Amino acid sequence: MQEIRNDWTREEIANIYNSPVLELMYRAATVHRQYNATGEVQVCTLLSVKTGGCPEDCAYCPQAARYHTEVKVQKLMEVKEVLEAAKNAKTNGSTRFCMGAAWREVRDNKDFDKVLEMVAGVNNLGMEVCCTLGMLTDEQAHKLKKAGLYAYNHNLDTSEEHYDKIISTRTYGDRLETIENVREAQIHVCSGGIIGLGESHEDRIGMLFTLSNMPQHPESVPVNALVPVEGTPLEDQPRVSVWEMVRMIATARIIMPKAMVRLSAGRVRMSHEEQALCFLAGANSIFAGDKLLTTPNPEVNDDKVMFELLGLKPREAFKDGVEAIRFEQIPSH
Ligand code: SAM
Ligand code: DTB
Ligand code: SF4
């Protein structure tokens, strides 16, 4: 039985990551069976509630104001519209609804009050509600928790060493601080990264080292393949091979056995066979719906076909035993 450890060394992680791919997959699949219901995949839906115009310079991101991409700036959506989208996602089998905003950080203003209403509303639908809004203070994290937030996504994206080649407008330390604020407010942590940014294998191992040595592992770890977008500095990056995704997913599964490992961005360019390898390597969550935040994702029907073909079952909400907090009334601002 693989024990849960928070003291993995870089060398141990590198040995796992670099092992022959079939051995690596076998080991990851074994750990997956020890800790999780295999054959079950969580279906999550993303919605960009505030799009584009972001002041940050993340080299991969189509929403950064400084790059000339096709993304149109859209102010914060109305609460009603968001709740309609969440209901729709639930009808289509999603149990987690994640709202993304192209913000550097949360500000204490009317927009944040609206987001709190959205969180309470989605929670009341019986879905796991997640947000990704940029940096958060301790106090803002507590407000989100009180509104019913289940998880907060804040990716490390890459290793500490590679970080300033991708983003210069904030530091790795800033990222870690927000994650600590989220953890401290007892919100589930969702944190992972992107491969295909021009990083080395050591950088990937470095990112997994940081995640797996947190005092408590993130409850979910998204593994994104870069979606290169025209107009961003990384528009010409070559596509990552499925074996690189498999190595990342399998290593994450082995060193963080209980985490939901999410096969995130990049599925649109993967065949059902390639995605099946990722599920075998321990991925147990996907984003469904024909759009991620701004880029394309496989059609809902295509995913239904894949689930049937592979005999996969969508996972129920709140399976880890933490129930939704129910509110009598949605707080208004
Ligand atoms: N602004 C907030 C932030 O940066 O934390 C939240 C939204 S941001 C778009 C959420 C995450 O999406 C990023 O951390 C990054 O990992 C991922 N992402 C953005 N653009 C991507 C792309 N082109 N390909 C793959 N992942 C991407
Ligand atoms: C994550 O790790 N991947 C999702 C979610 N967390 C927020 C976002 C992927 C975004 C891909 C680019 C886009 O669609 O804009
Ligand atoms: Fe802004 Fe987030 Fe995109 Fe960076 S990843 S530019 S912070 S929306």
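The values are calculated or read from the model by the stated rules, or taken from the named source; none is laboratory data. Model, not experiment: these values are computed from the prediction. Ideal geometry is used to build each Cβ from the backbone, glycine not excepted, and the neighbour counts take in all protein chains shown. Keep in mind that these areas ignore ligands, DNA and RNA; they rest on the heavy atoms of the full protein, side chains included. Shrake-Rupley method; radii C 1.70, N 1.55, O 1.52, S 1.80 Å.
Go through region 159-181 and report how many residues are within 13 Å of ligand 1 (Cβ to nearest atom) and part of a loop (DSSP other than H, G, I, E, B).
Final tally of qualifying residues: 3.
Can you tell me which condition Pro62 does not meet? The list is (1) farther than 30 Å from Glu105 by Cβ; (2) at pLDDT 95 or above, and all the others hold.
For Pro62, the exception is condition (1).
Please tell me if Glu70 is part of a loop (DSSP other than H, G, I, E, B), in contact (Cβ under 8 Å) with a residue 12 or more places away in the chain and touching a strand residue (DSSP E or B) at 6+ places or on another chain (Cβ under 9 Å).
Answer is no for this residue.
Taking interchain pairs and intrachain pairs at least six residues apart, which have beta carbon atoms under 6 angstrom, with the first residue in region 130-158 and without any contact (Cβ under 8 Å) to a residue 40 or more places away in the chain and near ligand 1 (Cβ under 9 Å from one of its atoms) and the second open to solvent by 10 Å² or more (accessible area, probe 1.4 Å) and of a type in the set (Gly, Ala, Ser)?
Matching pairs, first to second residue: Leu133/Ala101.
Report the residue count in region 39-67 for those that are among the hydroxyl-bearing types (Ser, Thr, Tyr) and part of a loop (DSSP other than H, G, I, E, B).
Total meeting the criteria: 2.
Looking at (1) farther than 21 Å from Cys190 by Cα; (2) away from ligand 2 (no atom under 16 Å from the Cβ); (3) not basic (Lys, Arg), which one does Gly93 not meet, given that it meets all the others?
In the conditions (1) farther than 21 Å from Cys190 by Cα; (2) away from ligand 2 (no atom under 16 Å from the Cβ); (3) not basic (Lys, Arg), Gly93 misses (1) alone.
Among the residues that make up region 226-235, is at least one of them in a helix (DSSP H, G or I) and open to solvent by 30 Å² or more (accessible area, probe 1.4 Å)?
no
Anything in region 78-107 that is open to solvent by less than 40 Å² (accessible area, probe 1.4 Å), farther than 30 Å from Lys313 by Cβ and either small (Gly, Ala, Ser) or in contact (Cβ under 8 Å) with a residue 40 or more places away in the chain (or both)? List them, or say none.
Correct list: Val79, Ala101, Ala102.
Among the residues of region 16-37, how many are free of Cβ contacts under 8 Å to residues at least 40 places away in the same chain and not aromatic (Phe, Trp, Tyr)?
So the count comes out to 6.
Which one of these is within 24 Å of Leu280 (Cα to Cα) and surrounded by 14 or more Cβ atoms within 10 Å (Cβ to Cβ): Val41, Val49?
None of the others qualify; the one that does is Val41.
Would you say Ala265 is hydrophobic (A, V, I, L, M, F, W, C), open to solvent by less than 20 Å² (accessible area, probe 1.4 Å), more than 21 Å from Ile16 (Cα to Cα) and touching a residue at least 60 places away in the same chain (Cβ under 8 Å)?
It is true that Ala265 is hydrophobic (A, V, I, L, M, F, W, C), open to solvent by less than 20 Å² (accessible area, probe 1.4 Å), more than 21 Å from Ile16 (Cα to Cα) and touching a residue at least 60 places away in the same chain (Cβ under 8 Å).
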